[in-house]
Amino acid sequence: MADAPNIHDEAEVRARWGAFAWTDDNQRKANEVIGRYPAGRQQSASIPLLDLAQRQVGAETSTQGWLPVPVIEFVARQIGVPYIRVYEVATFYTMFNLAPVGRYHVQVCGTTPCVLGGSDDVFAACKNHGLVKGRTTPDGLFTLTEVECMGNCSNAPMMQINDDNFEDLDYDSTTRILEALARGDTPTPGSQTGRRSSEPAGGPTTLTAMVQDNHDYRGEWNTAHAG
Amino acid sequence: MPKLKVDGIEVEVPQGATVLQACEAAGKEIPRFCYHERLSIAGNCRMCLVEVKPGPPKPQASCALPAADNQEVFTTTPMVKNAREGIMEFLLINHPLDCPICDQGGECDLQDQSVAYGRGHSRYAENKRAVTEKYMGPIVKTIMTRCIQCTRCVRFAEEVAGVEEIGAIYRGENMQITSYLEEAVTSELSGNVVDLCPVGALTSKPYAYEARPWELKKTLTIDVMDAVGTNIRLDSRGRQVLRCVPRINEDVNEEWAHDKTRHAVDGLVRRRLDRPYVRQGGKLVPVSWDEAFRAIAAVDHGCSVAAVAGDLVDCETMYAAKALVRALGGDRFEGRQTGMDYDTSSLAAVNFNTTIAGTERADAILLVGTNLRWEAPLVNTRVRKAIKKGAKVFAIGPETELTYKAEWLGDDLSLLNDLPQAVRDAFGGAERPMVIVGGAALKGGHGAALGLVAALGLIKDGWNGFNVVHMAAARMGGLMLGYAAKGGIADLHDAKLTFFLGADEVDYTRFTGFKVYVGHHGDAGAHHADVVLPGVSYAEKSGTYVNLEGRVQRGERAVFAPGDAREDWSIFRAMSDVLGCTLPFDSLAGLREEMFAAVPALRHQGLAQYDWTMPAVGGSASGTIAGYPIKDFYLTNAICRASPTMQRCSAELVHGQDFAEAAE
């Protein structure tokens, strides 16, 4: 258990977050989330409420947000579930941050397809921009985390920054994105090489007739088969 | 009733049984770690893999696979052998193999099963995972690197103890079992996770590095810490009881024991009375047995003799004391030390008639003045089971955490006279209704509670739903032996000579006569006595005990008493010689024969049959229940109070003292 953060129920954290409560807006959202599940099944709301709480903490601290222990307990009380059950959920999912992160949580994929696609360059770009794995930059802007597969293998290498995915990265594009974020701009998420979603890099190679508008291929089936 | 074949043996198992249970029915041993009969099925250790036809061509986890008709199960094929060896190898990858310094060594499932099903060597040369120790309280010591994540402890805490404070955090390789924020687990049943743990991850903190299981003498006996009569095994070495573990008895304790049962045993070697004392000039002076007896013989009692039984004594002791008091011309006996004076003309009216096991089948339960969680934790677990099957629970008394949701009606005893509509509705539709009356309500509410028998229809064909919870192991036996005075203990206050049998909860200042204390611990009784005679504790005598449901059980002697202490019955026998009224028995067997002749129900082990008769104690109840009799679960008798472990539990779990920092 080397790299998981050791969570302490520190007096400081209690003092800062002990009085956590939903904002009016989030209270409405929380009610809606809890209302989705039948009576007696409120435990199902654990994940959406933890996410909501993390976002609220993020808004309050102007970071991506994290889950202090008192906030986890607040969520547990909201749905009438023992603390440990919600705590288990919060520790299980890597999307829940158990320690404070920066304004931008840079999660770079380090799984095989991304490594083959050049994630080493992405890490190098992060490093040269002053980001250190598992740490937050002194200005509080970036936290770098190496993560496992995020399911964007066809667009490898990729990184996720807060709610957006940035794909088809290389050293330059990564640097550009980080610089843009540091300036306060909003870089365009998605593929950085200009391709649409995960289509083939040089444009479609199959169903080419479908690119412009809908095309009925059924008439060509037999010939295709014969050919 | 599915019929299937296990290794060619045809078995029929009940609907809903698993393949693992079918294999056991066929006499096949299936190795397992996570599966436990009394817990829900997790299916995460994969050790119970078997080959099943029809089914996919791969081994299947038998604990989670329902048995079905025409299945063919194979437990000895090469596929199964291979699978078991593979699983065992995986389990051992991150296991430290520190058996020589592990307390579980010798009684470890992982050890046993790796011998039986393992490959015998390792192919793993990489680094092992290490996990930091977790603080779980004064009872449970953790060495989490040994954990194989079977999650038995998590399921036990949630399902049986009802205290959801243990969980598995993080995931995959990093998964760890911990109590919430490493706080002490606040369950009085926490010691059971030590028995449940199939490896040495959770071991007993007070017993750490004390002994190896094979060097201990094992004695089967009965627990006296509460009135449940938990069946226990005392493990001793030489003259010391080193630990106490529960035995399986489905009718009483299933296979659980609470922490007081398990860990009060270190009080057996502390604060012991090991020689007779006589009070001279206000001070207790050590004397010989003969001098002590002669001091008693010198008392001019004028036939005003009485005996007070403590909470921990066996029937034999009470019978011997009673025989002596009778021989001296006395006729006053009492065991209810704190002044209870409920009517005992009908033993059924003060008995737990539904039986402990029967509690599970109840469908409506009313708790009257009882904090069941502390007064009888193992009855409380049965109530939890009843709730799982759909029972509704109401409670009268000050609100307290019972580990389940009860509908609190208030602490006014007069509620018994006129129950709220919700209760009457629930009991009206109930087939097996149950009322459980605790000590806090017996004083002013016994009559009114008995009135509920008719009002709520508690007695039906084959069902008696009227129950009284006692807290003393000696209570039912004492009542059977006539240890009950009409006006309670107040009737005994003016006796000229009183024998106290390990009675430490009595208000001694009210007794004006000569006080003889026969007991094993230097507690309240010894402080006030004029003569102290060193007796023996439950671990040092063979005795008969009757639990709260009237179950007669006998325990064996595990060790010998320290110093000059003697078995209680033999003290009374020897004293009778000096007092000039020799008792007619010379051995424990002789005493028992006499006792059986006097109270035939004690002869046979098992439920004593009390005929249901309604005592004439009607009337309405009034007053409020101010609190429950047990103020501190961990310090209820002289043995607990002498036990450092129980003192620590009390300080930490009841009084909230913080020890977490001091832990290793």
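Taking residue A:78 as the residue in question, decide whether it is in a helix (DSSP H, G or I), open to solvent by 10 Å² or more (accessible area, probe 1.4 Å) and of a type in the set (S, T, N, Q). Considered against the rule, which asks whether it is in a helix (DSSP H, G or I), open to solvent by 10 Å² or more (accessible area, probe 1.4 Å) and of a type in the set (S, T, N, Q), residue A:78 comes out as yes. Going through (1) open to solvent by 10 Å² or more (accessible area, probe 1.4 Å); (2) assigned to a strand (DSSP E or B) one by one, residue B:532 falls short only on (1). Only one of the listed residues (B:265, B:252) is farther than 30 Å from residue B:464 by Cα and among the β-branched types (Val, Ile, Thr). That residue is B:265.
Please determine, by comparing only the residues of region B:147-160 that are aliphatic (A, V, I, L, M) and either without any contact (Cβ under 8 Å) to a residue 60 or more places away in the chain or within 11 Å of chain A (Cβ to nearest Cβ) (or both), which one is farthest from residue A:88 (Cα to Cα). Residue satisfying both the conditions and the ranking: B:157. Scan (1) within 14 Å of another protein chain (Cβ to nearest Cβ); (2) touching a Lys or Arg at 6+ places or on another chain (Cβ under 9 Å) for the single condition residue A:44 breaks and write down its number. Among (1) within 14 Å of another protein chain (Cβ to nearest Cβ); (2) touching a Lys or Arg at 6+ places or on another chain (Cβ under 9 Å), residue A:44 violates only (1).
Evaluate region B:39-52: report whether one residue or more is part of a helix (DSSP H, G or I), more than 30 Å from residue B:210 (Cβ to Cβ), open to solvent by 30 Å² or more (accessible area, probe 1.4 Å) and outside the structural domain of residue B:388 (by TED's automatic domain parsing). Scanning region B:39-52, I find no residue that is part of a helix (DSSP H, G or I), more than 30 Å from residue B:210 (Cβ to Cβ), open to solvent by 30 Å² or more (accessible area, probe 1.4 Å) and outside the structural domain of residue B:388 (by TED's automatic domain parsing), so the answer is no. Are any of the residues in region B:550-561 closer than 30 Å to residue B:397 by Cα and either modelled with pLDDT under 95 or outside the structural domain of residue B:451 (by TED's automatic domain parsing) (or both)? Yes: region B:550-561 contains one or more residues that are closer than 30 Å to residue B:397 by Cα and either modelled with pLDDT under 95 or outside the structural domain of residue B:451 (by TED's automatic domain parsing) (or both). Got at least one residue in region B:195-203 being among the small types (Gly, Ala, Ser) and farther than 18 Å from residue B:258 by Cβ? Looking through region B:195-203, at least one residue is among the small types (Gly, Ala, Ser) and farther than 18 Å from residue B:258 by Cβ. Inspection of region B:161-171 identifies at least one residue that is of a type in the set (Phe, Trp, Tyr), open to solvent by 10 Å² or more (accessible area, probe 1.4 Å) and within 10 Å of chain A (Cβ to nearest Cβ).
Those residues that are free of Cβ contacts under 8 Å to residues at least 60 places away in the same chain and open to solvent by less than 10 Å² (accessible area, probe 1.4 Å), I need them from region B:392-401; list them, please. B:393, B:394, B:395, listed by residue number. The criterion of at least 3 residues that are among the polar types (S, T, N, Q) is met, among strands (runs of 3 or more DSSP E) falling completely within region B:152-214, by B:176-179. Examine region B:218-227 for a residue that is away from every other protein chain (no Cβ under 13 Å), outside any loop (DSSP other than H, G, I, E, B) and among the charged types (D, E, K, R), and state whether such a residue exists. So far as region B:218-227 goes, yes, one or more of its residues are away from every other protein chain (no Cβ under 13 Å), outside any loop (DSSP other than H, G, I, E, B) and among the charged types (D, E, K, R). Going by the structure shown, is residue A:54 under 15 Å from the mean Cα position of the chain (by Cα), within 30 Å of residue A:124 (Cβ to Cβ), surrounded by 15 or more Cβ atoms within 10 Å (Cβ to Cβ) and at pLDDT 95 or above? So residue A:54 passes the test.
Has region A:99-110 got at least one residue that is aliphatic (A, V, I, L, M) and within 14 Å of another protein chain (Cβ to nearest Cβ)?
Checked region A:99-110: at least one residue is aliphatic (A, V, I, L, M) and within 14 Å of another protein chain (Cβ to nearest Cβ).
Take the conditions (1) small (Gly, Ala, Ser); (2) open to solvent by 40 Å² or more (accessible area, probe 1.4 Å); (3) assigned by TED's automatic domain parsing to the domain that holds residue B:652; residue B:264 misses just one of them, which is (2).
Could we say that residue B:132 is within 14 Å of chain A (Cβ to nearest Cβ), assigned to a loop (DSSP other than H, G, I, E, B), closer than 22 Å to residue B:257 by Cβ and not small (Gly, Ala, Ser) here? Here the answer is no, as residue B:132 does not meet what is asked.
Quick check on region B:94-105. Is at least one of its residues among the charged types (D, E, K, R), in contact with a Lys or Arg (Cβ under 8 Å, 6 or more places away or on another chain), surrounded by fewer than 19 Cβ atoms within 10 Å (Cβ to Cβ) and outside the structural domain of residue B:37 (by TED's automatic domain parsing)? Yes.
Could you tell me which residue of region B:191-204 is farthest from residue B:382 (Cα to Cα), considering only residues that are under 19 Å from the mean Cα position of the chain (by Cα) and open to solvent by 10 Å² or more (accessible area, probe 1.4 Å)? Ranking the candidates gives B:204 first.
Filtering region B:608-643 down to residues that are open to solvent by 30 Å² or more (accessible area, probe 1.4 Å), touching a residue at least 60 places away in the same chain (Cβ under 8 Å) and under 19 Å from the mean Cα position of the chain (by Cα), which residue is nearest to residue B:410 (Cα to Cα)? For region B:608-643, the residue satisfying everything is B:629.
For region B:350-360, the set of residues classified as open to solvent by less than 20 Å² (accessible area, probe 1.4 Å) and not in a helix (DSSP H, G or I) consists of B:351, B:352, B:354, B:356, listed by residue number.
Report yes if residue B:80 is open to solvent by less than 40 Å² (accessible area, probe 1.4 Å), in a helix (DSSP H, G or I) and β-branched (Val, Ile, Thr), otherwise no. Yes; evaluated as a whole, the condition is true for this residue. Taking residue B:122, is it open to solvent by 20 Å² or more (accessible area, probe 1.4 Å), of a type in the set (Gly, Ala, Ser) and part of a loop (DSSP other than H, G, I, E, B)? Criteria met by residue B:122.
Total residues in region B:421-441 satisfying the condition of being touching a strand residue (DSSP E or B) at 6+ places or on another chain (Cβ under 7 Å) and open to solvent by less than 40 Å² (accessible area, probe 1.4 Å): the figure is 11. Within region B:336-349, the residues that satisfy the criterion of being touching an Asp or Glu at 6+ places or on another chain (Cβ under 8 Å) and either closer than 27 Å to residue B:249 by Cα or of a type in the set (D, E, K, R) (or both) are B:348, B:349.
Contact map, region A:204-222: residues that are open to solvent by 90 Å² or more (accessible area, probe 1.4 Å) paired with residues that are of a type outside the set (S, T, N, Q), Cβ distance under 8 Å, separation 6+ or inter-chain. Pairs shown: A:207/A:215; A:207/A:217. Considering each of B:186, B:178, B:142 in turn, give the residue that is within 14 Å of chain A (Cβ to nearest Cβ), of a type in the set (S, T, N, Q) and open to solvent by 20 Å² or more (accessible area, probe 1.4 Å). Within the list B:186, B:178, B:142, the selection yields B:186. If you go through region A:61-94 and pick out every residue that is out of contact with any helix residue (DSSP H, G or I) (no Cβ under 8 Å at 6 or more places or on another chain), β-branched (Val, Ile, Thr) and within 11 Å of another protein chain (Cβ to nearest Cβ), you end up with 2.
Listed here are the residues, each with its yes/no results for (1) buried (at least 23 other Cβ atoms within 10 Å of the Cβ); (2) part of a helix (DSSP H, G or I); (3) at pLDDT 95 or above.
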{"position": "B:300", "(1), (2), (3)": "no, no, no"}
{"position": "B:306", "(1), (2), (3)": "yes, no, yes"}
{"position": "B:313", "(1), (2), (3)": "yes, no, yes"}
{"position": "B:317", "(1), (2), (3)": "yes, yes, yes"}
{"position": "B:321", "(1), (2), (3)": "yes, yes, yes"}
{"position": "B:338", "(1), (2), (3)": "no, no, no"}
{"position": "B:341", "(1), (2), (3)": "no, no, no"}
{"position": "B:348", "(1), (2), (3)": "no, yes, no"}
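The values are calculated or read from the model by the stated rules, or taken from the named source; none is laboratory data. Just so it is clear, the model here is predicted, and its values are computed rather than measured. So basically every Cβ, Gly included, is an ideal-geometry build from the backbone, and we count neighbours across all protein chains shown. Ligands, DNA and RNA are excluded from the accessible area calculation, which covers all protein heavy atoms including side chains. Shrake-Rupley method; radii C 1.70, N 1.55, O 1.52, S 1.80 Å.
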